[in-house]
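The values are calculated or read from the model by the stated rules, or taken from the named source; none is laboratory data. Note that the structure is predicted; figures quoted are calculated from it, not measured. Neighbour counts are summed over all protein chains in view; Cβ atoms, including those assigned to glycine, are modelled from backbone coordinates with ideal geometry. Accessible surface is based on the protein model in full, side chains and every heavy atom, while ligands, DNA and RNA are left aside. Shrake-Rupley method; radii C 1.70, N 1.55, O 1.52, S 1.80 Å.
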Amino acid sequence: MNIQRYLFIVLLFSSHLTFSQQKTKSPNVILIITDDQGYGDLGSNGNPHIHTPTLDAFAAESVRFTNFYVSPVCAPTRASLMTGRYSLRTGVRDTYNGGAMMASSELTIAELLKSKDYVTGLFGKWHLGDNYPMRPSDQGFDESVMHLSGGMGQVGDFTTFYQGDRSYFDPVLWHNNQQESYAGYCSDIFADEAIKFIEKNKDRPFFTYLSFNAPHTPLQVPDEYYQKYKDIDPSEGFGTDGKPFYPMSEQNKEDARKVYAMVENIDDNLKKLFQKLDELDITDNTIVIFMTDNGPQQRRYVAGLRGLKGNVFQGGVRAPFFIRYPDGFSGNKEINALAAHLDVMPTLADLVGFEVPNDRKIDGQSMVPLIKGEKIKASERSYFTYWTRKYPELYENISIQKGGWKLVGNTGHNAEIENFDLFDLSNDPYELHNLSESNPTKAQALKTELDGIYRELINEENLVNPPVIQIGNKAENPVFLNRNDASGERGIWAQEDIFGYWKVDIAPGMYDIRFKFLNPVPPTGKMTLETGNYATIEVDRSAEPIAVFEMKDVKLEQTKGDLLPFYTVDGKRYFPFWVELEKK
């Protein structure tokens, strides 16, 4: 963070007194989020097959928000969580395809807490940009141990991709922007590093963001955990309590066994973390939040909710949320008011004592009044969500909630109100009965509000002019461009006959450049690098297939636009999965 921006934050967010600020030391903050753990993947939410004693006990000690919502997929959830804003305002619209980069102008929880002299650390998944100026270190985190892109073993995370079915074990991770080898299982590593960070900073206020990448695919888990679940039938015991239960295939069942094993491993790691807080005598003065980022990817028990990760039905967006702060408020309480990931930042502002930014629109609301039992006009609040692979579309996988009603649009762009789904969630929490024909007035009112929010969000500056990666800046040199942040018409695994590019801002100078392909390409072709109005072309003269193509001493001009590399041979065009540029 440059000095001007830091001074701006310090001046803007002067302290103010809140009901929790009775202590001499500000409360510590631990924010725990898991990846693709659905609403039903907890014993405390009615699942008899999964063993989560630590989380179940934590839920019992916490304030539990039972009507809490996130985005249908992970990067949008994380952007909203960090900023208190709808993800489209931040530039984040997707999980890849160039849509998972958050604008550096956004102010994160970490930056806001640093203005209150907190030390900040991220451990696990970031997924809001892997290059300067969008990395955790650029957005307020003092310490980070993380994987790249959307997950370990994915093409964007090139340090673990080639480990195949062992990508979650003994990984090469990024410690403060440098590659470092670690021994063990990923969830154990992230939890252990978070505990080390807490021990090191126990005498000052800290913010620990423990962002597990499990139980996201690939479903890899230590065998000792899998053995506990390998013989269970995850579909048994459901469907007789009035809640819908959707059929599971044999593959669904096997996936559920692995997911439950991964979640139990997380539960054991949280037991270690909570024991460390007790040992350091800081439990009472530590705010601990547990939540998940979206619904389950695979079909399994989800407490009767309709839908999975990626869609806007309840099973895709309703998530558990537990918050515990013994010095601040009493626990073991349920709150059914509508709340969302957008609310975490304003809630921490109330609890810790930093000002919510007033130079931009904040969509979230503090949950503290609800926790304190104050009466608020919850029925006036609306919550919008959507997801499509590229930019938002009317009316595809889009919804709005307000006053216990929910309107869902999956109409193929048809705006006629009878094509929408309208649900009265108060009486139909499983979204089984469409009331759009019987109550068109309510449906139309919700659609009008949805249309207004949609028009506002698609015109946001960070969406119209999305974030770019800076090339040749001393803050990151060399730069590793990964497939996750490339835009264009393609599947993320495609290499042949596609059009892909990165949005960049290049500093002029001489560069050495390496292009790495997913699979070796035929020899004797041409490697082309287009940057703005400039093109650099070199011919391969080797006799063997090429896994890495190198260009030395390439002069690049000042360019803000697209960086488009491609290799052509025998009438075919290939796109590299990773590009490394080092300014000399």
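Figures for the structure shown
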quantity	calculated
Charge dipole magnitude, Cβ of K and R +1, D and E -1 - the range 491-584, Cα centre, debye nearest 20	120
In the range 508-576, the GluC sites (Glu not before Pro) that fall in loop regions by DSSP, at most 16 other Cβ within 10 Å	E557
Rounded FRET efficiency, nearest 0.05, which uses the C-beta distance separating E380 from K271 and R0 of 35 Å	0.30
Among beta bridges that DSSP assigns inside the chain, antiparallel share in %, nearest 5	70
Calculated FRET efficiency for the pair K361/K555, C-beta based, R₀ 45 Å, to 0.05	0.55
Normalised alpha carbon radius of gyration of the range 463-584 [divisor 2.2 N^0.38 Å]	1.01
Local net charge near V408, Cβ-Cβ under 9 Å (Lys/Arg +1, Asp/Glu -1)	-1
Three-way shape label, the range 474-544, alpha-carbon gyration tensor, a/c 1.5	oblate
Positive dipole terminus of the chain, leading residue within G98, T286, Q365 (C-beta point charges)	Q365
Built amide H within the under 5 Å cut-off of A340, gap 5+	Y69
N410-K202 pseudo-label distance in nm [points 7 Å out on the Cα-to-Cβ vector]	5.1
Rounded Å value of the spacing that divides the Cα centres of the range 255-309 and the range 193-226	11
For Y162, net neighbour charge (Lys/Arg +1, Asp/Glu -1) across residues whose Cβ lies under 15 Å away	0
For I469, residues with placed amide H under 5 Å, excluding near neighbours	K503, V504, D505
Amide H partners (placed H, <5 Å) of A486, local residues excluded	N97, G98
Estimated vicinal HN-Hα couplings, Hz - the range 68-79 in sequence order (Karplus 6.51, -1.76, 1.60; Gly, Pro = x)	9, 10, 10, 8, x, 9, 6, 4, x, 4, 5, 5
Carbon/sulfur fraction of accessible area - the range 382-448, other protein chains in place, 1.4 Å, %	48
Furthest towards positive pole of dipole, P53, G315, A261, structure part the chain, Cβ charges	G315
MRE, 222 nm, helices only [DSSP H, n ≥ 4, -39500 (n - 2.57), over the chain, to nearest 500]	-6500 deg cm²/dmol
DSSP-assigned coil residues among chymotrypsin sites (Phe, Trp or Tyr not before Pro) in the range 479-550, each with at most 11 further Cβ atoms within 10 Å	W493
Which listed pairs, of K402/K503; K474/K516; K526/K584; K125/K377, have C-alpha distances above 31 Å, in listed order	K402/K503; K125/K377
Label point at R389 placed 7 Å out along Cα→Cβ; residues across the range 75-99 whose backbone nitrogen lies under 19 Å	75-76, 92-99
Student exercise, the range 364-434 dipole from Lys, Arg, Asp, Glu Cβ charges, in Debye to nearest 20	500
Listed residues V155, A547, A507: farthest to the positive end of the dipole of the chain (Cβ charges)	A507
Gyration tensor (alpha-carbon) shape descriptor, the range 271-368, a/c threshold 1.5	oblate
Sparse-neighbour loop sites [GluC sites (Glu not before Pro); the range 412-493; at most 14 other C-beta within 10 Å; DSSP]	E416, E437
The range 236-374 - accessible surface per residue (Å², probe 1.4 Å)	34
Computed magnitude of the charge dipole of the chain (debye, nearest 20; Cβ of K, R +1, Cβ of D, E -1)	880
Summed side-chain charge close to D94 - residues other than D94 whose Cβ falls under 10 Å, Lys, Arg +1, Asp, Glu -1	+3
Cβ-Cβ FRET estimate between K474 and D117, R0 fixed at 25 Å, reported to 0.05	0.35
